[in-house]
Amino acid sequence: MLSALPQRDEHISEPEAGEELLRTVPGNVVQSIRAFRVVDLQSEAVRLAHHFLYANLSQALTRQQVLAAIAESFHIPKSLAKNFDGLRDCLTDQIHRAGQHPGFLIVLDQLPQTQKFDREARENLLDVFRDAADYWAEKRVPFRVFFSFD
């Protein structure tokens, strides 16, 4: 499920043993990846026993390509994630019906900044994930989403 992670940069200091990487990050949030590294977020998800979902969107240029890449990366049937409403449903009700979940840590890597996936489209996509974060907050399940731009 995890594709082509960046190589680990050994000269960057790691959190101390027992120190939580996400200690200052709210449990239900959508935010820029900033100083976090994907490999560290993945390790933290494992430590917390949370689901780790990663989508590299560097090859996507349009809304449909972004949705298809997310569906493929998250193992969601493409027919269910053909639009933002379908993706929202998959990230909320459909997953909730599947059983209990300890938490989610999601990385949307290299969101496109193209004419066919403009600022409005990016905000609409991030709103889907914000809605999902709110949904899971009501159920007291951590749902953290980190994104970066290409």
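Readers should treat all values here as calculations from the given coordinates under stated rules, not as data from a laboratory. Predicted model only: the values in this text are computed from it and were never measured. Backbone-built Cβ (ideal geometry, glycine too); neighbour counts: all protein chains shown.
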GLN65: passes all of (1) part of a helix (DSSP H, G or I); (2) buried (at least 19 other Cβ atoms within 10 Å of the Cβ) but (2)
Selection from the range 68-106 of residues of a type in the set (Ser, Thr, Tyr) and either free of Cβ contacts under 8 Å to residues at least 12 places away in the same chain or part of a loop (DSSP other than H, G, I, E, B) (or both) yields SER79
Query raised in the report: Going by the conditions given, is ARG130 under 14 Å from VAL29 (Cβ atoms) and charged (D, E, K, R)?
Result: yes
